[in-house]
1. Using Cα positions and a limit of under 21 Å, work out the lysines in reach of LYS486, with same-chain residues fewer than 8 apart set aside.
2. Which residue, chosen from THR497, SER460, ASN524, occupies the Cα position most advanced towards the positive end of the dipole of region 399-546, where the dipole is computed from +1 (Lys, Arg) and -1 (Asp, Glu) charges on Cβ about the Cα centre?
3. Give, as a single signed number, the net charge of other residues whose beta carbon lies under 14 Å from the beta carbon of ILE284, with Lys and Arg counted +1 and Asp and Glu -1.
4. From the phi angles alone, apply the Karplus equation (6.51, -1.76, 1.60; θ = phi - 60°) to region 226-242 and give each ³J(HN,Hα) in whole Hz, x where the residue is Gly or Pro.
5. Starting from the amide H of ILE108, placed 1.01 Å from N in the peptide plane, find each other amide H under 5 Å away whose residue is 5 or more places distant or on another chain.
6. From the phi of every residue in region 499-512, what ³J(HN,Hα) in whole Hz does the Karplus formula 6.51 cos²θ - 1.76 cosθ + 1.60 yield, where θ is phi - 60° and glycine or proline is x?
7. Exceeding 24 Å between C-alpha atoms, which entries from my cross-link table qualify? They are LYS362/LYS400; LYS80/LYS141; LYS190/LYS306; LYS252/LYS306.
8. Which part of region 242-273 falls in the paramagnetic zone of VAL225, meaning amide N under 12 Å from the point 7 Å along Cα-to-beta-carbon?
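The values are calculated or read from the model by the stated rules, or taken from the named source; none is laboratory data. Keep in mind it's a predicted model, so treat the numbers as computed, not measured. Cβ atoms come from the backbone with ideal geometry, glycine included; neighbour counts cover every protein chain shown. The protein model used for the area step is the full one, side chains on, heavy atoms only, and it has no ligands, DNA or RNA in it. Shrake-Rupley method; radii C 1.70, N 1.55, O 1.52, S 1.80 Å.
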Amino acid sequence: MEQSLKSVVQVPAHLRQFVSQQRYEEYTPIDHAVWRYVMRQNHHFLKDVAHPAYVEGFLASGIDTEAIPKVSDMNHRLSKIGWGAAIVDGLIPGVAFFDFQAHGILPIAVDIRKVENIEYTPAPDIIHEAAGHAPILFDTKYASYVKRFGEIGAKAFATKEEHEVFEAVRHLSIVMEDRNSKPEQIEEAKQMLNAKQKAVKGTSEAEQISRIFWWTVEYGLIGTVENPQIYGAGLLSSVGESKHCLSENVVKLPFSVETCIQTSYDVTTMQPQLFVCESFDQLIEAIEEFASTMAFQKGGVESLDKAFQSGSTSTFVLNSGLQVTGTVANIHKDSNGEAIYVKTTGPTALAIDNKELPGHSKDVHQDGFGTPIGLLEGNILLEECTDDQLGALGIVKGQKTTLPFKSGIQVTGTVSNIIRNKEKVALISFESCNVVLGNTLLFAENWGTFDMAVGSTVISAFPGAADAEAFFDAVKMENDTLTEPKQLTELEGMYQTIRDTREKETWDENSKAAVQEVLQTLRNFYPKEWLLRLEILELLGIHDVQTSDKEQILEELHNLSKTKELHRLIKNGLDLLPLQKGQAIS
């Protein structure tokens, strides 16, 4: 593997479970040919239609047209602008993906699309990640947008049903890129995804943020509706869609967050409409405005409801500053619909300022955590009480007391500890404690210590942990390992032969013999192999070889281009070669 230790060090411990390796030696000559075809196409076309920052960043990123890049090299280049690169294994959960970006790390899937999907693939691959996302990050304003988007996106709640959709999308991506997949397997995966999508009700924060990301970072245009430029990575990395998107077949709409949120997308096909922003500043202002509507900034019972609906680890924050991380299992509400008692299930931890409190790890609260929320009778804000006021309420270490909440909840026990967050009371622990709501027992004295979070309101809630490094088990990074190069197939060997011949500075009898042997095998056994024929035609043109093979290859490519699937691919490939009589395809 070629990834440097520096890139691993940059990755926070809780994200290392998603970090993989780039086994560079496992890329085949066909993989490099696919990379080269797409890069040559994009470089030729995008220099005139992409945002200038992309063209300049492509050079600064050190990405080479001729071969798949090493992520270690990209990491080195990105470090110069305060970013890094980490290798991930295909699709990762949205929260994790955004969390990488929030830390200034570009997650890169290092698989590469197969020839059949050379124009477009829904699966993350190195063409999309490296050639699409990385170059434009060298624009300071755009990089700040992506990083801020990561910070906000990492706070977006998804529902349990949406988590299932993610797994279905991941499965479809894997099946579509698996060279051994059968058509019926792909169709089955598509049907499964469709069923999971139909089970989703409403539009969660995660779906909303996903749509904004899709229509900006992935598929965004910039400038004016009449004369837009490309900046979205999905467009920049797609040979077909980068050209298609600027045609009249695609509707161009002025960018607005509201419209983006209302517009769903299909990852398996080209987009019928795109949004054009005026500037990267407009994007930054828009995402900040959207963030103000999210649970992590609004708080309240709605934020708790979103945590509950997520069915996964999340954090809610009280106005005392105490943060409770766990899976929300139950929310008791009063007649006005306000939360008065919250219960988590499974491992739960307590923190302040994103640092876990000593003695309150998930191992201590491994079976969950419950706490009342709200005012005490008399409209007393417990979190605001001074020591004297606590004493008046009987909240003194070693003293038994009863705390009646306005909601009707009653806490009776012996105070064993009080923790403050600066001037505010954040946590009160009780021994021999009972917590009741009418005839409902919420906590019994034989359950152990009752640690009561203090706070009259919930001011924030977000997915994940307050202190992620402490809550999630750190994954030990495996040492880099090298794998034995696989023996090339006959077709892969022919691609390698043409590659080696192209890299030679001169054309000689050995070159001629090698190409002749490849051509003979192609014609005998690989009548539909179009990409290698293009590379051979290019090679003959580079060395100005006068041979009848040129005309024969052209004829073979012309015949192959009569199929809908290959017409545009072959035409685009020929367009980059020196024009010869009869070469162009209309």
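1. LYS70, LYS114
2. Value computed over the given set: SER460.
3. Numbers: positive: LYS141, LYS147, ARG148; negative: ASP139, GLU151, GLU278, ASP281, GLU285, GLU288, GLU289.
Charge balance near ILE284 sits at -4.
4. Rounded to whole hertz, the list is 7, 9, x, 10, 8, 9, x, 5, x, 7, 5, 9, 10, 4, x, 6, 4.
5. Excluding prolines and chain starts, which carry no amide H, the hits are ALA86, ILE87, VAL88.
6. 3J(HN,Hα) across region 499-512, in whole Hz: 5, 4, 5, 5, 6, 6, 7, 10, 10, 9, 5, 5, 4, 4.
7. Numbers: LYS362/LYS400 27 Å; LYS80/LYS141 15 Å; LYS190/LYS306 28 Å; LYS252/LYS306 34 Å.
Check vs 24 Å cut-off fails for LYS362/LYS400; LYS190/LYS306; LYS252/LYS306.
8. In region 242-273, the label zone of VAL225 (backbone N under 12 Å from the point 7 Å along Cα→Cβ) covers 251-256.
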